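Data block below; observations after.
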Amino acid sequence: MDYLSSTEIPIGIRNNGALPVVVEAIELVFQKAEGVPEALATVVHPCTLEIGAQGGLEYTKVSFRPPLLMTPYTNTYRISITYRECVGGGLGPRYKLALEANPYVIINVPPNFPGRTSDRASVFVSFKDPEDLELAELAAQLLVRAGFGYYMAREEQRLGSAYWAQKIEPAIQAAEGTLVIWTPNVAMSSGPVLRELTYSQTVGTNVGLMLEEGASPPDEYPAVETEYGGPFTRARAIVAFAEEIDAAAVRWRQGGILFG
(Lines give C-alpha, C1' and ligand atoms only; values in the text may rest on other atoms or scores of the structure.)
Protein backbone atom coordinates (compact mmCIF):
# COMPACT_ATOMS: atom_id res chain seq x y z
CA MET A 1 0.00 0.00 0.00
CA ASP A 2 1.06 3.62 -0.49
CA TYR A 3 1.15 6.43 2.04
CA LEU A 4 -2.25 8.11 2.49
CA SER A 5 -4.08 5.29 0.68
CA SER A 6 -6.84 3.41 2.48
CA THR A 7 -7.05 -0.32 3.00
CA GLU A 8 -8.34 -2.88 5.51
CA ILE A 9 -6.15 -5.16 7.62
CA PRO A 10 -7.75 -8.56 8.44
CA ILE A 11 -7.39 -9.57 12.09
CA GLY A 12 -8.18 -13.04 13.45
CA ILE A 13 -8.64 -13.57 17.21
CA ARG A 14 -8.85 -17.00 18.86
CA ASN A 15 -10.25 -17.45 22.38
CA ASN A 16 -8.65 -20.36 24.23
CA GLY A 17 -10.34 -19.48 27.51
CA ALA A 18 -13.13 -21.31 29.31
CA LEU A 19 -15.63 -18.46 28.86
CA PRO A 20 -16.94 -16.65 25.80
CA VAL A 21 -15.64 -13.10 25.40
CA VAL A 22 -16.67 -9.85 23.76
CA VAL A 23 -13.82 -7.89 22.16
CA GLU A 24 -14.59 -4.17 22.42
CA ALA A 25 -11.51 -2.68 20.78
CA ILE A 26 -8.51 -3.71 18.70
CA GLU A 27 -5.39 -1.54 18.82
CA LEU A 28 -2.59 -1.59 16.25
CA VAL A 29 0.64 0.25 17.08
CA PHE A 30 2.92 0.83 14.07
CA GLN A 31 6.55 1.81 13.76
CA LYS A 32 7.02 5.56 13.52
CA ALA A 33 9.63 8.20 12.86
CA GLU A 34 11.83 9.30 15.74
CA GLY A 35 10.22 11.96 17.92
CA VAL A 36 6.65 11.06 16.94
CA PRO A 37 4.27 10.29 19.85
CA GLU A 38 3.11 6.68 19.79
CA ALA A 39 -0.52 7.80 19.78
CA LEU A 40 -0.05 9.23 16.27
CA ALA A 41 1.06 5.81 14.99
CA THR A 42 -1.78 3.93 16.69
CA VAL A 43 -5.03 2.78 15.10
CA VAL A 44 -7.91 2.00 17.49
CA HIS A 45 -10.76 -0.06 16.07
CA PRO A 46 -13.90 -0.12 18.27
CA CYS A 47 -15.96 -3.25 17.79
CA THR A 48 -18.32 -5.75 19.39
CA LEU A 49 -16.80 -9.06 18.45
CA GLU A 50 -18.30 -12.08 20.20
CA ILE A 51 -15.96 -15.09 20.37
CA GLY A 52 -16.94 -18.47 21.72
CA ALA A 53 -14.99 -20.31 24.42
CA GLN A 54 -12.34 -23.01 24.07
CA GLY A 55 -10.99 -22.31 20.62
CA GLY A 56 -13.57 -19.91 19.24
CA LEU A 57 -12.22 -17.91 16.30
CA GLU A 58 -13.55 -14.72 14.76
CA TYR A 59 -12.24 -12.33 12.12
CA THR A 60 -12.69 -8.63 11.55
CA LYS A 61 -11.09 -5.94 9.43
CA VAL A 62 -9.40 -2.77 10.68
CA SER A 63 -9.45 0.28 8.42
CA PHE A 64 -5.97 1.68 7.90
CA ARG A 65 -4.59 4.76 6.15
CA PRO A 66 -0.82 5.02 6.70
CA PRO A 67 0.09 8.60 7.66
CA LEU A 68 3.33 10.26 6.64
CA LEU A 69 4.70 9.81 10.17
CA MET A 70 5.04 6.04 9.88
CA THR A 71 8.27 4.40 8.73
CA PRO A 72 8.25 3.24 5.12
CA TYR A 73 8.54 -0.21 3.58
CA THR A 74 8.41 -3.11 6.09
CA ASN A 75 6.52 -1.75 9.10
CA THR A 76 5.99 -4.22 11.95
CA TYR A 77 3.10 -3.50 14.29
CA ARG A 78 1.83 -4.68 17.68
CA ILE A 79 -1.73 -5.83 18.31
CA SER A 80 -3.62 -5.59 21.59
CA ILE A 81 -7.30 -6.12 22.38
CA THR A 82 -9.68 -4.86 25.03
CA TYR A 83 -12.18 -7.55 25.96
CA ARG A 84 -14.70 -8.70 28.60
CA GLU A 85 -15.68 -12.23 29.61
CA CYS A 86 -19.30 -13.31 29.44
CA VAL A 87 -20.21 -14.22 33.02
CA GLY A 88 -23.65 -15.11 34.42
CA GLY A 89 -25.63 -13.50 31.64
CA GLY A 90 -23.58 -10.31 31.75
CA LEU A 91 -20.12 -8.98 31.09
CA GLY A 92 -17.20 -8.98 33.50
CA PRO A 93 -14.49 -6.35 33.93
CA ARG A 94 -12.42 -5.10 31.00
CA TYR A 95 -9.01 -6.59 30.30
CA LYS A 96 -6.32 -5.53 27.85
CA LEU A 97 -4.21 -8.23 26.25
CA ALA A 98 -1.25 -7.99 23.89
CA LEU A 99 -1.49 -10.68 21.22
CA GLU A 100 1.51 -12.83 20.45
CA ALA A 101 1.98 -11.94 16.82
CA ASN A 102 4.56 -10.19 14.69
CA PRO A 103 2.61 -8.96 11.66
CA TYR A 104 3.76 -6.29 9.25
CA VAL A 105 2.58 -4.15 6.39
CA ILE A 106 4.52 -2.80 3.42
CA ILE A 107 4.15 0.97 3.15
CA ASN A 108 5.39 2.25 -0.19
CA VAL A 109 6.29 5.73 -1.33
CA PRO A 110 3.77 6.51 -4.10
CA PRO A 111 4.84 7.48 -7.59
CA ASN A 112 5.13 11.18 -8.28
CA PHE A 113 1.70 12.42 -9.28
CA PRO A 114 1.34 14.29 -12.56
CA GLY A 115 1.01 18.04 -12.19
CA ARG A 116 -1.73 20.20 -13.56
CA THR A 117 0.58 21.87 -16.05
CA SER A 118 3.47 19.39 -16.14
CA ASP A 119 4.07 15.64 -15.98
CA ARG A 120 5.42 15.83 -12.42
CA ALA A 121 3.69 17.61 -9.54
CA SER A 122 6.31 19.46 -7.49
CA VAL A 123 6.50 21.88 -4.58
CA PHE A 124 9.05 24.67 -4.28
CA VAL A 125 10.54 24.59 -0.76
CA SER A 126 11.73 28.01 0.41
CA PHE A 127 13.98 28.15 3.49
CA LYS A 128 16.98 29.84 5.12
CA ASP A 129 20.11 27.96 4.09
CA PRO A 130 22.06 26.50 5.82
CA GLU A 131 20.40 27.26 9.17
CA ASP A 132 17.07 25.61 8.29
CA LEU A 133 18.32 22.99 5.84
CA GLU A 134 17.33 20.14 8.18
CA LEU A 135 13.73 21.41 8.24
CA ALA A 136 13.70 21.75 4.45
CA GLU A 137 14.98 18.19 4.03
CA LEU A 138 12.26 16.97 6.40
CA ALA A 139 9.62 18.76 4.34
CA ALA A 140 11.05 17.29 1.15
CA GLN A 141 10.95 13.76 2.58
CA LEU A 142 7.30 14.13 3.58
CA LEU A 143 6.37 15.68 0.23
CA VAL A 144 7.81 12.65 -1.56
CA ARG A 145 5.80 10.34 0.71
CA ALA A 146 2.69 12.33 -0.24
CA GLY A 147 3.35 11.88 -3.96
CA PHE A 148 5.06 15.18 -4.81
CA GLY A 149 8.46 16.11 -6.12
CA TYR A 150 10.25 19.12 -4.70
CA TYR A 151 12.71 21.85 -5.61
CA MET A 152 15.12 23.39 -3.10
CA ALA A 153 17.53 26.18 -3.98
CA ARG A 154 20.68 26.09 -1.85
CA GLU A 155 22.34 29.36 -0.84
CA GLU A 156 25.27 28.99 -3.22
CA GLN A 157 22.84 28.43 -6.08
CA ARG A 158 20.80 31.53 -5.34
CA LEU A 159 23.69 33.89 -6.01
CA GLY A 160 23.44 35.85 -9.21
CA SER A 161 20.54 37.16 -11.22
CA ALA A 162 21.10 34.62 -14.00
CA TYR A 163 20.42 31.67 -11.73
CA TRP A 164 17.32 33.35 -10.34
CA ALA A 165 15.91 33.96 -13.81
CA GLN A 166 16.98 30.64 -15.29
CA LYS A 167 16.22 28.27 -12.42
CA ILE A 168 14.27 29.69 -9.50
CA GLU A 169 11.63 31.61 -11.43
CA PRO A 170 10.76 28.64 -13.71
CA ALA A 171 10.72 26.26 -10.72
CA ILE A 172 8.26 28.47 -8.86
CA GLN A 173 6.10 28.96 -11.94
CA ALA A 174 5.95 25.20 -12.57
CA ALA A 175 5.28 24.25 -8.93
CA GLU A 176 1.87 23.27 -7.61
CA GLY A 177 2.71 25.40 -4.58
CA THR A 178 5.51 27.07 -2.62
CA LEU A 179 6.12 25.86 0.93
CA VAL A 180 7.82 28.59 2.95
CA ILE A 181 9.57 27.57 6.18
CA TRP A 182 9.49 30.75 8.25
CA THR A 183 11.69 30.65 11.35
CA PRO A 184 13.45 33.17 13.60
CA ASN A 185 16.49 32.62 11.35
CA VAL A 186 14.51 33.90 8.37
CA ALA A 187 12.99 36.77 10.33
CA MET A 188 16.49 38.11 11.12
CA SER A 189 17.53 38.05 7.46
CA SER A 190 14.66 37.27 5.14
CA GLY A 191 16.14 38.29 1.76
CA PRO A 192 15.96 35.25 -0.57
CA VAL A 193 13.06 33.57 1.26
CA LEU A 194 10.90 36.68 1.18
CA ARG A 195 11.78 37.18 -2.48
CA GLU A 196 10.66 33.64 -3.28
CA LEU A 197 7.45 34.13 -1.30
CA THR A 198 6.51 37.39 -3.02
CA TYR A 199 7.46 36.09 -6.46
CA SER A 200 5.20 33.09 -5.90
CA GLN A 201 2.35 35.44 -5.06
CA THR A 202 3.09 37.55 -8.13
CA VAL A 203 2.92 34.63 -10.56
CA GLY A 204 -0.04 32.98 -8.83
CA THR A 205 1.72 29.99 -7.30
CA ASN A 206 -0.16 28.95 -4.17
CA VAL A 207 1.84 29.66 -0.98
CA GLY A 208 1.81 27.73 2.29
CA LEU A 209 3.80 28.84 5.31
CA MET A 210 5.16 26.74 8.16
CA LEU A 211 5.76 29.01 11.15
CA GLU A 212 8.26 28.15 13.87
CA GLU A 213 7.70 29.27 17.44
CA GLY A 214 9.36 32.60 18.12
CA ALA A 215 8.71 33.99 14.64
CA SER A 216 5.83 36.13 13.40
CA PRO A 217 4.38 35.73 9.90
CA PRO A 218 5.73 38.31 7.46
CA ASP A 219 3.50 41.21 6.47
CA GLU A 220 3.44 39.72 2.97
CA TYR A 221 1.59 36.70 4.36
CA PRO A 222 -1.31 38.11 6.43
CA ALA A 223 -2.83 35.50 8.73
CA VAL A 224 -6.28 37.09 8.36
CA GLU A 225 -6.26 36.08 4.70
CA THR A 226 -4.37 32.79 4.73
CA GLU A 227 -3.88 30.16 7.40
CA TYR A 228 -0.39 28.96 8.20
CA GLY A 229 0.93 25.73 9.69
CA GLY A 230 2.21 25.77 13.24
CA PRO A 231 3.62 27.35 15.24
CA PHE A 232 5.89 24.31 15.50
CA THR A 233 8.89 23.45 17.63
CA ARG A 234 12.02 21.88 16.18
CA ALA A 235 11.62 18.82 18.39
CA ARG A 236 8.15 18.12 16.95
CA ALA A 237 8.56 19.64 13.51
CA ILE A 238 7.82 16.33 11.80
CA VAL A 239 4.38 16.21 13.43
CA ALA A 240 3.39 19.69 12.26
CA PHE A 241 4.87 19.26 8.78
CA ALA A 242 3.22 15.87 8.25
CA GLU A 243 -0.17 17.22 9.31
CA GLU A 244 -0.01 20.17 6.91
CA ILE A 245 1.38 18.19 3.97
CA ASP A 246 -1.19 15.42 4.49
CA ALA A 247 -4.03 17.97 4.46
CA ALA A 248 -2.53 19.71 1.43
CA ALA A 249 -2.25 16.44 -0.49
CA VAL A 250 -5.90 15.61 0.22
CA ARG A 251 -7.05 19.05 -0.99
CA TRP A 252 -4.94 18.81 -4.13
CA ARG A 253 -6.16 15.30 -4.99
CA GLN A 254 -9.75 16.52 -4.62
CA GLY A 255 -9.11 19.31 -7.13
CA GLY A 256 -8.51 22.12 -4.65
CA ILE A 257 -5.52 24.35 -4.04
CA LEU A 258 -2.49 22.79 -2.40
CA PHE A 259 -2.20 25.25 0.49
CA GLY A 260 -5.13 27.13 1.97
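The values are calculated or read from the model by the stated rules, or taken from the named source; none is laboratory data. The structure presented is a predicted model; accordingly, all values stated were derived computationally and were not measured. Note that we place each Cβ from the backbone using ideal geometry, even for glycine, and neighbour counts take in every protein chain shown.
Observations, loosely collected:
- L209 being buried (at least 19 other Cβ atoms within 10 Å of the Cβ), in the same structural domain as A247 (by TED's automatic domain parsing) and of a type outside the set (V, I, T): yes
- Scope the stretch 119-142; condition aliphatic (A, V, I, L, M) and surrounded by fewer than 16 Cβ atoms within 10 Å (Cβ to Cβ); matching residues: L133
- The stretch 171-260 holds strands (runs of 3 or more DSSP E) entirely within its bounds, and those carrying 2 or more residues that are within 20 Å of S122 (Cβ to Cβ) map to 177-182, 207-212.
- Considering each residue of the stretch 81-90 in turn, at least one proves to be within 27 Å of the chain's Cα centre (by Cα) and more than 19 Å from A248 (Cα to Cα).
- Of the strands (runs of 3 or more DSSP E) lying entirely inside the stretch 61-144, the ones with 2 or more residues being in contact (Cβ under 8 Å) with a residue 40 or more places away in the chain and closer than 30 Å to I181 by Cα are found at 122-126.
- Verdict on V43 being assigned to a strand (DSSP E or B) and either of a type in the set (S, T, N, Q) or in contact (Cβ under 8 Å) with a residue 40 or more places away in the chain (or both): no
- Some residue of the stretch 142-163 being under 29 Å from L28 (Cβ atoms), of a type in the set (D, E, K, R) and within 20 Å of the chain's Cα centre (by Cα): yes
- With respect to being β-branched (V, I, T), within 13 Å of S80 (Cβ to Cβ), surrounded by fewer than 17 Cβ atoms within 10 Å (Cβ to Cβ) and in contact with a Phe, Trp or Tyr (Cβ under 8 Å, 6 or more places away or on another chain), T42 fits the description.
- Test: residue in the stretch 75-96 that is out of contact with any Leu (no Cβ under 7 Å at 6 or more places or on another chain), of a type in the set (D, E, K, R) and at pLDDT below 95: no
- Selection from the stretch 201-243 of residues that are touching a residue at least 24 places away in the same chain (Cβ under 8 Å), touching a helix residue (DSSP H, G or I) at 6+ places or on another chain (Cβ under 9 Å) and of a type in the set (D, E): E212, E220
- Residue in the stretch 107-118 that is β-branched (V, I, T) and either loosely packed, with under 11 Cβ neighbours inside 10 Å or in contact with a helix residue (DSSP H, G or I) (Cβ under 8 Å, 6 or more places away or on another chain) (or both) present: yes
Residue by residue, here is whether (1) charged (D, E, K, R); (2) modelled with pLDDT of 95 or more; (3) surrounded by 14 or more Cβ atoms within 10 Å (Cβ to Cβ); (4) over 18 Å from L68 (Cβ atoms) holds:
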| residue | (1), (2), (3), (4) |
| --- | --- |
| G147 | no, yes, yes, no |
| A153 | no, no, yes, yes |
| K167 | yes, no, yes, yes |
| A187 | no, no, yes, yes |
